[in-house]
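Here is the structure we will look at.
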Amino acid sequence: MYYRDRENLCEKLFLEGGPYFLVTTENLPWLLFSNDEDFKAGTNITAVALAFKNVTLLNDVQMNNHLHYVMEGKYENVLAFTDHLRKLMSRYQIKRGNLTLVKWNIQIKEITDLQNLRNAILYSERNPYVAGRDVSPYGYRWSSASLLFNDNIALLSPGIPFDSLTFREKREITMSRELMLPDSYRVLDGMILRQSFVNYKRAESFFESARQHFRMLSRYVESDAETAKWIGETILLPNEDVFRIVSGWYNVKTVSLLNPEQRLSAARRMKAELMSNNKQIAQVLKLPLEQVNLFFPVPQ
């Protein structure tokens, strides 16, 4: 099958399915998850909140202080998931001695075209790498990124059925009296396995090939900044990617070839389109930080 045929198939699958949503929780000033046990609990909470909601989870990532989900299903079902998630997570955080999450802000944004769906999936998958560059998207344990186009996942332990656990083990995992979960849910080391509740094969179907997914995942593009702006998050692209983007704007090999007027124009675009901070603008454009601070005063 040729590339265009595969792209048309992706578009057809997108249009026949849906609706699609990007669900994000607010960046909290304190940590939802501080250690592996917390992250395991967060994974279980997501799985329990998702159960029997008649909504498909295409992608997820747990960060220390916020969560991302890409979902397919009716809005009211996605809303039911977020309401349940808020309740379970609030209960767990209170148990840890943190603040209640009764007023936890969870944002639901509808995704209306295939490219934005791809961007939402890739943005979530790259989020751990953007936040801390000591881990690759595929190597982050608390994300579904490693599931896509990875047949090796079948070689890992399949876990055991949730229903085969004892009453006490079920209570420890669900942290509630909700002891009925879908038959597909499987458990390993006290955690519900992601491959049993994330429909990663459905997510794969929206990319024309594994090569396309990997190429898009391994490159920083302006869409990262656009997606972050769309959902109200703040990211900082690595300097090397900003160098490449800015050079492309002016069709030069290096930003050192920009004249003063172009540098001022580039500074404005970096601030508006890439959400660069003053320090990054100064570093990339080789401008004195004091001068950049005059252009974009830093709030005191």
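The values are calculated or read from the model by the stated rules, or taken from the named source; none is laboratory data. Because the structure is a prediction, the values reported are computed rather than measured. So basically every Cβ, Gly included, is an ideal-geometry build from the backbone, and we count neighbours across all protein chains shown.
Annotations for the structure displayed:
- Identity of the residue in region 28-41, under 18 Å from Val102 (Cβ atoms) and under 17 Å from the mean Cα position of the chain (by Cα), that ends up surrounded by the most Cβ atoms within 10 Å (Cβ to Cβ): Leu32
- Of the residues examined, Met275 is one that is within 12 Å of Val242 (Cβ to Cβ), assigned to a loop (DSSP other than H, G, I, E, B) and not basic (Lys, Arg).
- Check on Ala203, within 16 Å of the chain's Cα centre (by Cα), within 24 Å of Ile108 (Cα to Cα), modelled with pLDDT of 90 or more and part of a helix (DSSP H, G or I): yes
- Only listed residue being surrounded by fewer than 16 Cβ atoms within 10 Å (Cβ to Cβ) and over 30 Å from Pro128 (Cβ atoms), chosen from Leu257, Leu287: Leu257
- Within region 85-140, being within 13 Å of the chain's Cα centre (by Cα), closer than 16 Å to Asp38 by Cβ and aromatic (Phe, Trp, Tyr) holds for one residue alone: Tyr140.
- Leading residue by the ranking (farthest from Val135 (Cα to Cα)) among those in region 69-84 that are surrounded by fewer than 18 Cβ atoms within 10 Å (Cβ to Cβ) and touching a strand residue (DSSP E or B) at 6+ places or on another chain (Cβ under 8 Å): Tyr75
- Scanning region 266-286 for residues that are in contact with a Phe, Trp or Tyr (Cβ under 9 Å, 6 or more places away or on another chain) and aliphatic (A, V, I, L, M) turns up Ala266, Ala267, Ile281, Val284.
- Count of residues meeting criterion [among the β-branched types (Val, Ile, Thr) and either over 17 Å from Tyr200 (Cβ atoms) or surrounded by fewer than 16 Cβ atoms within 10 Å (Cβ to Cβ) (or both)] in region 42-68: 2
- Residue within region 82-90 that is hydrophobic (A, V, I, L, M, F, W, C), modelled with pLDDT of 90 or more, within 30 Å of Gln212 (Cβ to Cβ) and in contact with a helix residue (DSSP H, G or I) (Cβ under 7 Å, 6 or more places away or on another chain) present: no
- Count of region 141-162 residues which are modelled with pLDDT of 90 or more and more than 18 Å from the chain's Cα centre (by Cα): 3
- Matching entry among Asp134, Asp163, Asp183 (being farther than 19 Å from Asn44 by Cα and surrounded by fewer than 17 Cβ atoms within 10 Å (Cβ to Cβ)): Asp134
- Residue tally, condition surrounded by fewer than 18 Cβ atoms within 10 Å (Cβ to Cβ) and closer than 22 Å to Asn35 by Cα, over region 186-212: 3
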